[in-house]
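Engineer: Dropping the structure in here first, questions after.
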2 protein chains.
Amino acid sequence: MLPFLREHHADPGRLHAEGRVTRVALEHARAQVAAFLGARPREVVFTSSGTEAVNAAVAGAIARAGGGHVVTTAVEHSSVREAIERAASGVTVVGVDRFGRFDAAEVAAAVRPDTALVSVQLANHEVGTVQPAADVCARVRPAGTLVHVDACAAVGYLPVSFSALGADLCSVTAHTWGGPKGAGALLVRRGLRVPPLLVGGAQERARRGGMEDIPAWVGFGAAASAVDLTVEAARARALVARAVEGISAVPGIARHGDPSAEGSLPNLLCLAVEGVEAEPVLLALDQHGVAVHSGSSCSSETLEPSPVLAAMGVDAEHTLRVSVGWSSTPADVDRFVSALPSIVEGLRGLRSV
Amino acid sequence: MLPFLREHHADPGRLHAEGRVTRVALEHARAQVAAFLGARPREVVFTSSGTEAVNAAVAGAIARAGGGHVVTTAVEHSSVREAIERAASGVTVVGVDRFGRFDAAEVAAAVRPDTALVSVQLANHEVGTVQPAADVCARVRPAGTLVHVDACAAVGYLPVSFSALGADLCSVTAHTWGGPKGAGALLVRRGLRVPPLLVGGAQERARRGGMEDIPAWVGFGAAASAVDLTVEAARARALVARAVEGISAVPGIARHGDPSAEGSLPNLLCLAVEGVEAEPVLLALDQHGVAVHSGSSCSSETLEPSPVLAAMGVDAEHTLRVSVGWSSTPADVDRFVSALPSIVEGLRGLRSV
């Protein structure tokens, strides 16, 4: 990223030599991201974030149809949920099982003649459950209904292949798995045109107006090219297993979501902690140098209950979301494991007084 | 920006210590940008670009009113024009004089009872003409109609004071005057609520969903804090004067726009070159190491004629847009001045054969 912050500032849309330097870098990054996601380079539309990609996908698909009904699920990220609420003329929300997993047949059965879009996630951002998104695409797309897959939580931890997935639109982000902030992408199936969310320029083949963020997108490409998903997933899963093992003796702690390796993201651990609120646990862990959170990634901390956990029938107030990333170490996990029991015990003691 | 690319990656919305580091940096940047733009920190909503800010302003103001009529001018940036075309139920486009300047009274007279928004620029992005935007605000706002001022071309070259301007909404960008790509802002007058363009998170006080781009926005704040507009404007104006003086002997070259110092941006020079197309001139200048362009900043190079120049009654095919920036030197200008005459002469010679 540094040469593009320090030296090469030119607009890649220009004819001159400086513009060609940034244009070449941009298209190199696009090819790297495409290879990482099993897409064609021309199918990659860079965005400023996963949230922008989701908003562009949902608003664009609905605008393309001139409005209409949308089928989605009860465990989508707030960007999907709110973008649908704003633009759709009607919504069918499909529920989930106790692992937070929707049923592809149930999603497909909810499609109506006026359905403009089906929007489902590839994996859940709070409990890590891997979803049957490819199955939804296989059931829904042959009849001509557009499918958007939100892969923001999955990317960087699960292999994402846009061609194998069979979706029309797919949203990804970069910052959650070692790429930079300011970078995301909307994958748009070859031949499909959806109206852009940001207008005012022919950038990204007239699919997203606005100056290209060359440093961030070059960083996204470099991260996509550098990450070894097999290594990263194994490393993340080992860290999560170390945490699960380490706290197994603490009474009244259970894991939410699918505990199987095939059915879950390797990097997330959603814990139900009986008898204590999440917030004081977070603050106490912070004093031990451990950064965990409640709520989803990418949303500001709020005290509203999580709709994901509510859909699973789980009490969100007593839930901690522990995530490991590219910079996490076994020592980080051990600090968490050694701090948690006394924090929980102390808070439970206060309650029982 | 580097500490936030290298070390401090945390989500500023989190309660933990790492989140507080990025939160403090974000709010420091917001205060810097607010001070630079004569706004309150809470009035600053960071965006990924000027284009996003413009789209958010126009779509938000129209959505707030539940649709409606918009008054704008014939010389707005394509982001303003296209965002209005998409969302407004009707548009009145006010024309300009031969300098590309609109008349504030004419804009005010076009406001109707169903007008949801008046959107005008602070300075023109192609010919550099400074516009009577504050006069528009003074005439229109007392009756309750929202005014958006697009200050993307002006910021960094003209002083922008949101409070003195008296606008409801004001869009700015960072990359055109030495700030980084990936950064812009929408200023929103205290007390005004417009629906966000990007939904799915309570970031930016629930006015823009999506992970905050801390490195880019910290860079925006640092640039805002570092730039001395008096020095920069004088430096830019001297470079432009050097160019004008240097090519004054070339026959058949005239300057578009207001030539007065009060009436024009200091950094832009829009030249009509009689008898030659712009594109071969650009390519030949590029071979001399001089990067100039046709069309507006922030749009990809297209061969479509400029609506700005058309509104002024000018032939865009024969127009070069020369801009100087923070990195431009007298030597750059001299290279342009020494290369241009023979290029123009050569191309005219080809034509007359």
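The values are calculated or read from the model by the stated rules, or taken from the named source; none is laboratory data. Quick caveat, the model's predicted, so the values are computed rather than measured. Here the Cβ positions follow ideal geometry from the backbone for every residue, glycine too, while neighbour counts run over all protein chains shown.
Engineer: From the list A:Phe46, A:Phe36, which one is in contact with a Phe, Trp or Tyr (Cβ under 7 Å, 6 or more places away or on another chain), among the aromatic types (Phe, Trp, Tyr) and in the same structural domain as A:Thr173 (by TED's automatic domain parsing)?
Structural biologist: Numbers: A:Phe36 fails: in contact with a Phe, Trp or Tyr (Cβ under 7 Å, 6 or more places away or on another chain).
A:Phe46 is the lone residue from the list that is in contact with a Phe, Trp or Tyr (Cβ under 7 Å, 6 or more places away or on another chain), among the aromatic types (Phe, Trp, Tyr) and in the same structural domain as A:Thr173 (by TED's automatic domain parsing).
Engineer: Answer yes if at least one residue in region B:2-20 is crowded, with 24+ Cβ neighbours inside 10 Å, assigned by TED's automatic domain parsing to the domain that holds B:Gly219 and at pLDDT below 95, and no otherwise. It would help to see each step written out before you state the result.
Structural biologist: First pass over region B:2-20, keeping only residues crowded, with 24+ Cβ neighbours inside 10 Å: B:11.
Filter once more, so that each one left must be assigned by TED's automatic domain parsing to the domain that holds B:Gly219: B:11.
Next cut, at pLDDT below 95 only: B:11.
Scanning region B:2-20, I find at least one residue that is crowded, with 24+ Cβ neighbours inside 10 Å, assigned by TED's automatic domain parsing to the domain that holds B:Gly219 and at pLDDT below 95, so the answer is yes.
Engineer: Continuing with this model, one more query. In region A:21-47, which residue that is of a type in the set (A, V, I, L, M) and free of Cβ contacts under 8 Å to residues at least 12 places away in the same chain is surrounded by the fewest Cβ atoms within 10 Å (Cβ to Cβ)? Show your work before the answer.
Structural biologist: Step one: list which residues in region A:21-47 are of a type in the set (A, V, I, L, M), which gives A:21, A:24-26, A:29, A:31, A:33-35, A:37, A:39, A:44-45.
In the following step, the residues that additionally are free of Cβ contacts under 8 Å to residues at least 12 places away in the same chain were identified as A:24, A:34.
Numbers: A:Val24: 12, A:Ala34: 20.
If we take residues in region A:21-47 being of a type in the set (A, V, I, L, M) and free of Cβ contacts under 8 Å to residues at least 12 places away in the same chain, then A:Val24 is surrounded by the fewest Cβ atoms within 10 Å (Cβ to Cβ).
Engineer: Quick check: is even one residue across region B:86-104 within 25 Å of A:Ala183 (Cβ to Cβ), among the acidic types (Asp, Glu) and in contact with an Asp or Glu (Cβ under 9 Å, 6 or more places away or on another chain)?
Structural biologist: Of the residues in region B:86-104, the ones within 25 Å of A:Ala183 (Cβ to Cβ) are none.
No, region B:86-104 has no match at all.
Engineer: When residues of region A:243-265 are filtered for being touching a Phe, Trp or Tyr at 6+ places or on another chain (Cβ under 9 Å) and touching a residue at least 12 places away in the same chain (Cβ under 8 Å), how many remain?
Structural biologist: Final tally of qualifying residues: 9.
Engineer: Would it be correct to say that B:Arg189 is surrounded by fewer than 23 Cβ atoms within 10 Å (Cβ to Cβ) and under 30 Å from B:Pro215 (Cα atoms)?
Structural biologist: Details: surrounded by fewer than 23 Cβ atoms within 10 Å (Cβ to Cβ): yes; under 30 Å from B:Pro215 (Cα atoms): yes.
Yes, satisfied.
Engineer: Sticking with this one: Name the residues in region A:64-86 that are within 21 Å of the chain's Cα centre (by Cα) and either surrounded by fewer than 16 Cβ atoms within 10 Å (Cβ to Cβ) or more than 9 Å from chain B (Cβ to nearest Cβ) (or both), would you?
Structural biologist: Taking region A:64-86 first, the residues within 21 Å of the chain's Cα centre (by Cα) are A:70-86.
If the condition is that a residue be within 21 Å of the chain's Cα centre (by Cα) and either surrounded by fewer than 16 Cβ atoms within 10 Å (Cβ to Cβ) or more than 9 Å from chain B (Cβ to nearest Cβ) (or both), then A:Val70, A:Val71, A:Thr72, A:Thr73, A:Ala74, A:Val75, A:Glu76, A:Ile84, A:Glu85, A:Arg86 are the ones that fit.
Engineer: Further, regarding this structure: For region A:234-246, indicate whether the set of residues that are more than 25 Å from the chain's Cα centre (by Cα), at pLDDT 95 or above and assigned by TED's automatic domain parsing to the domain that holds A:Trp326 is non-empty. Break it down stepwise before answering.
Structural biologist: As a first pass, look at region A:234-246 and keep what is more than 25 Å from the chain's Cα centre (by Cα): A:245-246.
Checking which are at pLDDT 95 or above leaves us with A:245-246.
Checking the rest, the ones that are also assigned by TED's automatic domain parsing to the domain that holds A:Trp326 come to A:245-246.
Checked region A:234-246: at least one residue is more than 25 Å from the chain's Cα centre (by Cα), at pLDDT 95 or above and assigned by TED's automatic domain parsing to the domain that holds A:Trp326.
Engineer: Okay, next question. Would you please name the residue that is nearest to B:Trp177 (Cα to Cα), looking only at residues in region B:218-254 that are within 14 Å of chain A (Cβ to nearest Cβ) and in contact with a Pro (Cβ under 7 Å, 6 or more places away or on another chain)? Give the steps one after another, and end with the answer.
Structural biologist: The initial filter retains those residues of region B:218-254 that are within 14 Å of chain A (Cβ to nearest Cβ), namely B:218-220, B:222-223.
The next check asks that each one be in contact with a Pro (Cβ under 7 Å, 6 or more places away or on another chain); those that pass are B:219-220.
Details: B:Gly219: 12, B:Phe220: 10 Å.
Taking the candidates together, the pick is B:Phe220.
Engineer: Still on this structure: When the residues of region B:310-353 are narrowed to those that are of a type in the set (Ser, Thr, Tyr) and assigned to a helix (DSSP H, G or I), which ends up farthest from A:Ala10 (Cα to Cα)? Give the derivation first.
Structural biologist: In the first step, residues of region B:310-353 are kept if they are of a type in the set (Ser, Thr, Tyr); the result is B:319, B:323, B:327-329, B:338, B:342, B:352.
Narrowing the set further to residues that are assigned to a helix (DSSP H, G or I) leaves B:338, B:342, B:352.
Working: B:Ser338: 23, B:Ser342: 26, B:Ser352: 35 Å.
Of everything passing the filter in region B:310-353, B:Ser352 is farthest from A:Ala10 (Cα to Cα).
Engineer: Please work out which residue is nearest to the other protein chains (Cβ to nearest Cβ), limiting yourself to region A:266-288 and to residues that are aliphatic (A, V, I, L, M) and in contact with a strand residue (DSSP E or B) (Cβ under 8 Å, 6 or more places away or on another chain). Lay out the reasoning, then the answer.
Structural biologist: Pass one, region A:266-288, residues aliphatic (A, V, I, L, M): A:268-269, A:271-273, A:276, A:278, A:281-285.
Subset that is in contact with a strand residue (DSSP E or B) (Cβ under 8 Å, 6 or more places away or on another chain): A:268-269, A:271-273, A:278, A:281-282.
Working: A:Leu268: 15, A:Leu269: 16, A:Leu271: 16, A:Ala272: 19, A:Val273: 16, A:Ala278: 10, A:Val281: 11, A:Leu282: 5 Å.
By that ranking, first place goes to A:Leu282.
Engineer: Against the definition (surrounded by 24 or more Cβ atoms within 10 Å (Cβ to Cβ) and either polar (S, T, N, Q) or more than 20 Å from the chain's Cα centre (by Cα) (or both)), how does A:Thr115 come out, yes or no?
Structural biologist: Numbers: surrounded by 24 or more Cβ atoms within 10 Å (Cβ to Cβ): no; either polar (S, T, N, Q) or more than 20 Å from the chain's Cα centre (by Cα) (or both): yes.
The answer is no for A:Thr115.
Engineer: Against the definition (at pLDDT 95 or above and assigned to a loop (DSSP other than H, G, I, E, B)), how does A:Pro266 come out, yes or no?
Structural biologist: On the way: at pLDDT 95 or above: yes; assigned to a loop (DSSP other than H, G, I, E, B): yes.
For A:Pro266, the condition - at pLDDT 95 or above and assigned to a loop (DSSP other than H, G, I, E, B) - is met.
Engineer: Scan region A:219-240 for residues that are outside any loop (DSSP other than H, G, I, E, B) and either charged (D, E, K, R) or closer than 30 Å to B:Ala59 by Cα (or both) and report the count. Even if it seems obvious, please write down each step before you answer.
Structural biologist: Filtering region A:219-240 for residues outside any loop (DSSP other than H, G, I, E, B) gives A:219-226, A:229-240.
Still in the list and also either charged (D, E, K, R) or closer than 30 Å to B:Ala59 by Cα (or both): A:220, A:232, A:235, A:237.
Total satisfying the criteria: 4.
Engineer: B:Ala61 versus (1) in contact with a His (Cβ under 7 Å, 6 or more places away or on another chain); (2) touching a residue at least 40 places away in the same chain (Cβ under 8 Å); (3) within 13 Å of chain A (Cβ to nearest Cβ): which is the lone unmet condition?
Structural biologist: Exception for B:Ala61: condition (3).
Engineer: Being at pLDDT below 95 and either within 24 Å of the chain's Cα centre (by Cα) or within 13 Å of another protein chain (Cβ to nearest Cβ) (or both): is that true of B:Glu43 here?
Structural biologist: On the way: at pLDDT below 95: no; either within 24 Å of the chain's Cα centre (by Cα) or within 13 Å of another protein chain (Cβ to nearest Cβ) (or both): yes.
The answer is no for B:Glu43.
Engineer: Now, a different point. Filter region B:5-39 for residues that are within 11 Å of another protein chain (Cβ to nearest Cβ) and touching a Lys or Arg at 6+ places or on another chain (Cβ under 7 Å) and give the result.
Structural biologist: B:Pro12
Engineer: Turning to a different aspect of this structure: Does region B:241-258 include one or more residues that are assigned to a helix (DSSP H, G or I), of a type in the set (Val, Ile, Thr) and buried (at least 21 other Cβ atoms within 10 Å of the Cβ)?
Structural biologist: Start the filter on region B:241-258 by keeping residues that are assigned to a helix (DSSP H, G or I), which leaves B:241-246.
Now narrow it down to the ones that are of a type in the set (Val, Ile, Thr): B:244.
When the remaining residues are screened for being buried (at least 21 other Cβ atoms within 10 Å of the Cβ), the result is none.
No, because not a single residue in region B:241-258 is assigned to a helix (DSSP H, G or I), of a type in the set (Val, Ile, Thr) and buried (at least 21 other Cβ atoms within 10 Å of the Cβ).
Engineer: Give me the pairs, please: first residue somewhere in region A:201-227 and β-branched (Val, Ile, Thr), second residue anywhere and in a helix (DSSP H, G or I), beta-carbon distance under 7 Å, and either six or more positions apart or on two chains.
Structural biologist: Taking only residues 6 or more apart or on different chains, the pairs are A:Ile214/A:Phe4; A:Ile214/A:Thr22; A:Ile214/A:Ala25; A:Ile214/A:Leu26; A:Val218/A:Phe4; A:Val218/A:Ala25; A:Val218/A:Ala29; A:Val227/A:Trp177.
Engineer: Which members of region A:281-304 meet the condition of being at pLDDT 65 or above and either more than 19 Å from A:Leu340 (Cβ to Cβ) or not in a helix (DSSP H, G or I) (or both)? Break it down into steps so the answer makes sense when it comes.
Structural biologist: Our first condition is that a residue be at pLDDT 65 or above; within region A:281-304, this holds for A:281-293.
Once the filter is applied, which keeps residues that are at pLDDT 65 or above and either more than 19 Å from A:Leu340 (Cβ to Cβ) or not in a helix (DSSP H, G or I) (or both), region A:281-304 yields A:His288, A:Gly289, A:Val290, A:Ala291, A:Val292, A:His293.
Engineer: So which pairs qualify, if the first residue must be in region A:268-281 and assigned by TED's automatic domain parsing to the domain that holds A:Arg255 and in contact (Cβ under 8 Å) with a residue 40 or more places away in the chain, the second must be part of a strand (DSSP E or B) and among the hydroxyl-bearing types (Ser, Thr, Tyr), the Cβ gap must be under 8 Å, and the two must be at least 6 apart or on different chains?
Structural biologist: A:Leu268/A:Ser323; A:Leu269/A:Ser323; A:Cys270/A:Thr319; A:Leu271/A:Thr319; A:Ala272/A:Thr319; A:Val273/A:Thr319; A:Ala278/A:Thr319
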